[in-house]
Amino acid sequence: MDGFTKRDIIVRDIRVQVLEAGGGAPIVYFHGAGSIGGFDDLLPLGEHCRLIIPIHPGFGASDDDPAIDSMLDYVVHYANLFDHLGLTEPVDLIGHSLGGWIATMFTVLQGHRVRRLALACPAGLRMPDHPTMDLFLVPADKVASLLVADPATLERLMPGGVTNEMKVMRYREMTSLAHVAWSRNYDPKLERWLDRVNVPTLLLWGEQDRVIPVEQTRYWAERLGHPEIATFPGAGHLLFAEARGAVGRVISFLNGQGAAHA
């Protein structure tokens, strides 16, 4: 992640790491339930804007915050972080997986702070016919392979293989995830709140996503109204790592250049 500058910010006594790249109008990215692979695939966004990637408490180099045990806690945390970052005007917000769930809730409750919303295979809804995989039931050594469609993606993201340090980090991050998703990996109330999302929205999905099936795209779209939709063949759950066109599609969307499908 050498392309990013890194700094620490104290939010209510919790130290969080913030990665940044580029300059100009801010885009905030809420990451998914793992930080091990890094975020270099998002660096092209920094050629068009000020890309800001805050690392969730309990993930990566950010401190643990045992007080976070709900999506509301995340929303309040990020409202405070936006204040610390001086983000007083509406920003473009991107969320992936767990980060998509957080970004959706943030937009529901803090919609005045969001200009446009891009959700990449977001978690948070329950679709009985095509449920989100319960990662807590998957053996730890099998999780990584389920995140991608092409095993070569993992070799690129982790060229040295899975180290003991990564295993320790993964255990810690899964513990943080468990604080909000152990009993269920969705919010039964979320779908009735989605009419509060009143900003232009883009849904992106990998067609080979085995964690949150691409069939959920339709479920989200019906409840969000009329979002733009882009699906990517040959891509799994780590969408931005596997779909070459995903970042470009986000850039086009944020610039107001719509497209039917990708």
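Any residue that is surrounded by fewer than 18 Cβ atoms within 10 Å (Cβ to Cβ), closer than 16 Å to Leu254 by Cβ and modelled with pLDDT under 95 - is there at least one of those in the stretch 59-78? No - not one qualifying residue is present in the stretch 59-78. Inside the stretch 173-195, residues that are assigned to a helix (DSSP H, G or I) and surrounded by 13 or more Cβ atoms within 10 Å (Cβ to Cβ) make up a count of 13. Scanning the stretch 234-248 for residues that are of a type outside the set (Phe, Trp, Tyr) and either surrounded by 22 or more Cβ atoms within 10 Å (Cβ to Cβ) or at pLDDT below 95 (or both) gives Ala235, Gly236, His237, Leu238, Leu239, Ala241, Glu242, Ala243, Arg244, Ala246.
Let's see how each residue does on (1) within 23 Å of Ala246 (Cα to Cα); (2) aliphatic (A, V, I, L, M):
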position: Leu109; (1), (2): no, yes
position: Arg113; (1), (2): no, no
position: Ala123; (1), (2): yes, yes
position: Lys142; (1), (2): no, no
position: Leu154; (1), (2): yes, yes
position: Tyr171; (1), (2): no, no
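Among the residues of the stretch 158-186, just one is among the charged types (D, E, K, R), within 22 Å of Met133 (Cα to Cα) and free of Cβ contacts under 8 Å to residues at least 40 places away in the same chain, namely Lys167.
Contact map, the stretch 106-130: residues that are part of a strand (DSSP E or B) paired with residues that are of a type in the set (Ser, Thr, Tyr) and surrounded by fewer than 18 Cβ atoms within 10 Å (Cβ to Cβ), Cβ distance under 9 Å, separation 6+ or inter-chain. Pairs shown: Gly124/Tyr186. Take Ser252 and decide whether it is more than 26 Å from Leu137 (Cβ to Cβ) and either in contact with a Ser or Thr (Cβ under 7 Å, 6 or more places away or on another chain) or free of Cβ contacts under 8 Å to residues at least 24 places away in the same chain (or both). Answer is yes for this residue. Would you call Gly225 under 20 Å from Arg126 (Cα atoms) and surrounded by 17 or more Cβ atoms within 10 Å (Cβ to Cβ)? Judged against the criteria, Gly225 is not a match.
The set of residues from the stretch 215-252 being of a type in the set (S, T, N, Q), in a helix (DSSP H, G or I) and touching a strand residue (DSSP E or B) at 6+ places or on another chain (Cβ under 6 Å) comprises just one member, Thr217.
Among residues belonging to the stretch 118-169 that are of a type in the set (S, T, N, Q) and surrounded by 14 or more Cβ atoms within 10 Å (Cβ to Cβ), point out the one that is modelled with the lowest pLDDT. Filtering the stretch 118-169 for residues that are of a type in the set (S, T, N, Q) and surrounded by 14 or more Cβ atoms within 10 Å (Cβ to Cβ), the one modelled with the lowest pLDDT comes out as Thr153. Any residue at all in the stretch 102-117 that is within 29 Å of Glu165 (Cα to Cα) and among the aromatic types (Phe, Trp, Tyr)? Taking every residue of the stretch 102-117 in turn, none turns out to be within 29 Å of Glu165 (Cα to Cα) and among the aromatic types (Phe, Trp, Tyr). For the stretch 210-233, the candidate set comprises residues that are small (Gly, Ala, Ser) and modelled with pLDDT of 95 or more; within that set, the residue that is nearest to the chain's Cα centre (by Cα) is Ala230. Glu207 meets the conditions (1) surrounded by 18 or more Cβ atoms within 10 Å (Cβ to Cβ); (2) at pLDDT 95 or above; (3) among the charged types (D, E, K, R) in every case but one. The failed one is (1). Residues that are over 20 Å from Ala181 (Cβ atoms) and free of Cβ contacts under 8 Å to residues at least 40 places away in the same chain, at least 1 per element: which strands (runs of 3 or more DSSP E) completely within the stretch 1-103 meet that? Output list reads 5-11, 14-22, 50-54. Criterion applied to Thr132, Thr163, Thr88, Thr153 was being within 19 Å of Trp220 (Cβ to Cβ) and of a type in the set (S, T, N, Q), and the one residue passing it is Thr132. When the residues of the stretch 75-94 are filtered to those that are touching a strand residue (DSSP E or B) at 6+ places or on another chain (Cβ under 6 Å) and among the β-branched types (Val, Ile, Thr), the one that is nearest to Pro57 (Cα to Cα) is Ile94.
The values are calculated or read from the model by the stated rules, or taken from the named source; none is laboratory data. The shown structure was predicted, so the numbers you read here are calculated from the model rather than taken from an experiment. Neighbour counts are summed over all protein chains in view; Cβ atoms, including those assigned to glycine, are modelled from backbone coordinates with ideal geometry.
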